Amino acid sequence: MHNCEGCTACCKVLKIRELDKPGNTWCQHCKIGVGCGIYETRPESCRVYECIWLQTQRMSRPIPFELRPDKSRVVIGTTNQGEDVVLYVTPDRPDAWQSKAFRAGVLDDLLRRNITVYVSCEDKLQKI
């Protein structure tokens, strides 16, 4: 089981093709701030998805709790077989990735390591 600790940001931001759920809308099965209402039978894409924040929680230098997606308003994912990073933001907070805390805690490190970073808002992908 994922240990999302009550974060359900991906349930809003991401598309879920198996459920015909568009991005930037809450999944009909999401219990906001709790988790998935159909956890045992959730679609495969939901079963395998782990945002970068969650992945780093198992590492020696995890992304800080205050930058968890529901708090930072940025879901950090990957594209191009994991080579590039995508910052998913919602139309009501398209600049969330530009906050001082997010830059210092995540973005500056990615850019310093020469990782290509994109911002995705309403299906528009912009390279940083």
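To keep it simple, each residue is scored yes or no on (1) within 22 Å of Arg93 (Cα to Cα); (2) modelled with pLDDT of 95 or more; (3) aliphatic (A, V, I, L, M).
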site	(1), (2), (3)
Lys12	yes, yes, no
Trp26	yes, yes, no
His29	no, yes, no
Gly33	yes, no, no
Cys36	no, no, no
Gln57	no, no, no
Arg68	yes, yes, no
Val74	yes, yes, yes
Looking at segment 21-55, which of its residues are aromatic (Phe, Trp, Tyr) and under 20 Å from Ser72 (Cβ atoms)? Trp26, Tyr49, Trp53
Extreme residue, surrounded by the most Cβ atoms within 10 Å (Cβ to Cβ), among residues of segment 42-66 that are hydrophobic (A, V, I, L, M, F, W, C) and assigned to a helix (DSSP H, G or I): Trp53
Segment 67-120, residues that are acidic (Asp, Glu), closer than 19 Å to Lys12 by Cα and either touching a Ser or Thr at 6+ places or on another chain (Cβ under 8 Å) or surrounded by 15 or more Cβ atoms within 10 Å (Cβ to Cβ) (or both): Asp70
Any residue in segment 39-46 that is at pLDDT 95 or above and among the aromatic types (Phe, Trp, Tyr)? no
Scope segment 24-50; condition touching a helix residue (DSSP H, G or I) at 6+ places or on another chain (Cβ under 6 Å) and within 20 Å of Lys71 (Cβ to Cβ); matching residues: Trp26, Cys27, Cys30
All positions within segment 70-119 that are assigned to a strand (DSSP E or B), free of Cβ contacts under 8 Å to residues at least 60 places away in the same chain and touching a Gly at 6+ places or on another chain (Cβ under 9 Å): Val85, Val86, Leu87
If a residue has to be part of a loop (DSSP other than H, G, I, E, B) and free of Cβ contacts under 8 Å to residues at least 12 places away in the same chain to count, how many in segment 9-41 make the cut? 6
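The values are calculated or read from the model by the stated rules, or taken from the named source; none is laboratory data. Model, not experiment: these values are computed from the prediction. In this analysis, Cβ positions are derived from the backbone assuming ideal geometry, glycine residues included, and neighbour counts consider all displayed protein chains.
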